[in-house]
Amino acid sequence: MTGQLLLRGMIVGLIAGLLAFGFARVFGEPWVEAGIAFEEQEAKKTGAPAEPEMFSRATQSGPGLLTASLAYSVAIGGLFALTFAFAYGRIGHLSPRLTASALSFAGFVSVIGAPFLKYPANPPGVGISETIGMRTEFFFVMIVASVVGMVLAFMLARNLAARFGTWGGIGAAVLAYIAFIAVIQALLPSVNEVPEDFSAAALWNFRAATLGMHVIVWGVLGQLFGWLAERLLIKQGSYRPASLAR
């Protein structure tokens, strides 16, 4: 059954990637262009030569963006399906749809939300090229710490549910996760390389569009995959109705 869930996860990831690509083309690309224009203006001020483009903007914003969106979403869809196969029946008596919804929400918060609060995305032209390696390392450390914190929070909620009920366990686990993330974010160094004269509106809209893409991917995974998984499990006789007692 795991293989069938994996196939469905990758198919749903493909659909999510197409939707995310359409969203990025409409709502994200204008602010990418704004970042590139700012970078070119700064280069003219300093007399620095323009960096050669390996690919044209048409290629980057079309086939390049589509390929990246699909590759990311299909990979996330496959990992999501494998996580679902492991978690179903182990995180409470939840139906497939509720399990998928809980996992998609937890995945978005841990993989995207918490790291984004510490190291938000910046458009092209923002940041110092010499520090990109350092910034990337900090970002991935934040992701790993956040995912580990989320896994521990699920384990804590499961253990505390026996003593304080389902909702009491969930509430305590949420508070513990928030406190853990706050400590990690305080320990990691902050990085702010946004030029003072860069448009605040362009920066805000670019970051909003970036988050929107991820919301689409994780939202589609949670809802569409949950529906497909439920149909599969009902067909195979492995369906468990939802229960959030206590």
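The values are calculated or read from the model by the stated rules, or taken from the named source; none is laboratory data. It should be emphasised that the depicted structure is a prediction, and the values quoted were computed from it without experimental measurement. Reconstructed Cβ throughout: ideal geometry from the backbone, glycine too, with neighbour counts over all protein chains shown. SASA here: full protein model, heavy atoms, side chains in, ligands and nucleic acids out. Shrake-Rupley method; radii C 1.70, N 1.55, O 1.52, S 1.80 Å.
Among the listed residues Val194, Val147, Val220, identify the single one that is under 26 Å from Met10 (Cα atoms), of a type in the set (A, V, I, L, M), surrounded by fewer than 20 Cβ atoms within 10 Å (Cβ to Cβ) and out of contact with any Phe, Trp or Tyr (no Cβ under 7 Å at 6 or more places or on another chain).
None of the others qualify; the one that does is Val147.
Return yes or no: is Asn159 outside any helix (DSSP H, G or I) and either without any contact (Cβ under 8 Å) to a residue 40 or more places away in the chain or farther than 30 Å from Ala37 by Cβ (or both)?
no
Which of the residues belonging to region 15-66 are open to solvent by 40 Å² or more (accessible area, probe 1.4 Å), at pLDDT below 90 and under 17 Å from Thr210 (Cβ atoms)?
Correct list: Pro30, Trp31, Glu33, Gln60.
Considering region 67-96 alone, what residues qualify as being open to solvent by 40 Å² or more (accessible area, probe 1.4 Å), closer than 17 Å to Met155 by Cα and either in contact with a Phe, Trp or Tyr (Cβ under 8 Å, 6 or more places away or on another chain) or part of a helix (DSSP H, G or I) (or both)?
Of everything in region 67-96, those that are open to solvent by 40 Å² or more (accessible area, probe 1.4 Å), closer than 17 Å to Met155 by Cα and either in contact with a Phe, Trp or Tyr (Cβ under 8 Å, 6 or more places away or on another chain) or part of a helix (DSSP H, G or I) (or both) turn out to be Thr83, Phe86, Ile91.
Go through region 183-203 residue by residue and tally those that are part of a helix (DSSP H, G or I) and more than 18 Å from the chain's Cα centre (by Cα).
8
I'd like the full set of residues that are among the small types (Gly, Ala, Ser) and more than 30 Å from Ala81 (Cβ to Cβ), limited to region 175-217.
Those that are among the small types (Gly, Ala, Ser) and more than 30 Å from Ala81 (Cβ to Cβ): Ala179, Ala182, Ala186, Ser190, Ser199, Ala200, Ala201, Ala202.
Look through region 157-168, keep the residues that are over 16 Å from Gly89 (Cα atoms) and modelled with pLDDT of 85 or more, and return whichever of them is surrounded by the most Cβ atoms within 10 Å (Cβ to Cβ).
Across region 157-168, the extreme among qualifying residues is Leu160.
In the set Gly171, Gly212, which member is in contact (Cβ under 8 Å) with a residue 60 or more places away in the chain, open to solvent by less than 50 Å² (accessible area, probe 1.4 Å) and part of a helix (DSSP H, G or I)?
Unique residue meeting the criteria: Gly212.
Would you check if Gln185 is in contact with a Lys or Arg (Cβ under 6 Å, 6 or more places away or on another chain) and in contact (Cβ under 8 Å) with a residue 24 or more places away in the chain?
Criteria met by Gln185.
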